[in-house]
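Notes follow once the structure below has been shown.
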Amino acid sequence: MTAHKLALILAITVLELTIHRPLVQAHPIQKLASLKQDPPVRDRPNDDRKPAGTRGPCEQTEQPFTPLLPITDSGVKFSGFTLKAYPTFWFYIPYPSNTINRGAFVIKNSQDETRNYQVSFQLPETPGFVKISLPITAIPLELNKQYRWQFTLYCTSNDPTDLSQSIWHNGSIERLDPQHLEPQTATALVMDQMKFYQDNRLWYDISADLVQIYDFPLAWRYLLRTIDLEELKKEPIAGSVEPIGDSNEILGNRE
């Protein structure tokens with residue numbers, strides 16, 4: 001057999017194997033490059049995201065400290081739903097840790113009767129997106145009940161015990177029964193999953209996958225445009241807060 005004929009037979013064999021081999025489904029998020037979806041852009045001034053509180057050194061930033069949530073038209077500025085008993089909350093923190101004395105987070109029922117979780121914490125060293133998750137030791141969120149949360153930062157001053165200079169955001173969260181929603185399969189495209197979250201206002205569940213979404217620019221840009229925070233697209237993920245002291249100690253609660 002000549003070398004030419006042998007090369008031809010090998011080429012045909014490779015072609016047949018390529019045509020008839022089983023299709024392997026790529027990870028859904030890897031298909032994002034072929035999608036060109038953009039959410040509608042809404043003009044909303046940054047002033048709407050400024051936290052409440054006293055004026056102190058931790059407010060001198062170009063971008064405001066803000067939850068990674070859209071501003072809603074309801075009575076609560078930041079509100080949304082979750083399917084999780086122990087949800088995750090993300091915030092954009094523009095301050096280096098040396099300008100913040102400490103922080104505090106509390107979540108309680110809407111009647112202020114039960115505090116499901118409260119903790120004092122230190123921020124990561126660098127500014128960026130910071131998360132806090134309800135641990136399994138906390139009281140889980142019940143179905144179809146609304147809860148209020150507050151995330152407070154205490155600015156550094158010459159007196160470390162002075163907690164008068166603080167800023168905070170309040171919001172609400174409600175856990176929905178997943179049986180009332182159209183299910184999403186685990187193999188759904190990440191953009192389809194995000195659309196499902198968006199349509200059902202499951203903003204807290206989008207943020208549970210934030211690290212994965214952040215690694216894919218199209219998904220990250222889509223999320224930030226959806227919640228009017230596209231100017232933060234180059235900001236890093238800083239990580240989780242670090243609890244300090246007794247989790248039952250809370251530094252303050254303002255409405």
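Over region 61-142, average the accessible area per residue using a 1.4 Å probe and give it in Å², no decimals. Intermediate values should be presented prior to the final figure.
Details: 3220 Å² over 82 residues.
Solvent-accessible surface per residue comes out at 39 Å².
Each of the peptides 100-110, 69-79 was scored by the mean count of other Cβ atoms within 10 Å over its residues; in descending order, highest first, they stand as 100-110, 69-79.
In order along region 83-94, the phi-based Karplus estimate (6.51 cos²θ - 1.76 cosθ + 1.60, θ = phi - 60°) of 3J(HN,Hα) comes to 9, 9, 6, 10, x, 10, 10, 10, 9, 8, 10, x Hz; Gly and Pro are listed as x. Amide H contacts of Ser240: Lys131, each under 5 Å away and 5 or more positions distant or on a separate chain (H built 1.01 Å from N in the peptide plane; Pro and chain starts excluded).
Place a label point 7 angstrom from the Cα of Thr72 along the Cα-to-Cβ direction, then list the residues of region 188-224 whose backbone nitrogen is under 16 Å away. Those under the cut-off are 197-207.
Given the pairs Lys50/Lys77; Lys145/Lys233; Lys84/Lys108; Lys131/Lys234; Lys84/Lys131, which are separated by over 22 angstrom at their Cα positions? Result: Lys145/Lys233 exceed 22 Å.
Charges at C-beta only: +1 for Lys and Arg, -1 for Asp and Glu. How large is the resulting dipole of region 199-248 about its Cα centre, in Debye rounded to 20? Working shown, then result.
Working: 5 positive and 10 negative charges, 46 e Å.
That gives region 199-248 a dipole magnitude of about 220 debye.
The values are calculated or read from the model by the stated rules, or taken from the named source; none is laboratory data. Just so it is clear, the model here is predicted, and its values are computed rather than measured. In this analysis, Cβ positions are derived from the backbone assuming ideal geometry, glycine residues included, and neighbour counts consider all displayed protein chains. Only protein heavy atoms, including side chains, enter the accessible area calculation; ligands, DNA and RNA are left aside. Shrake-Rupley method; radii C 1.70, N 1.55, O 1.52, S 1.80 Å.
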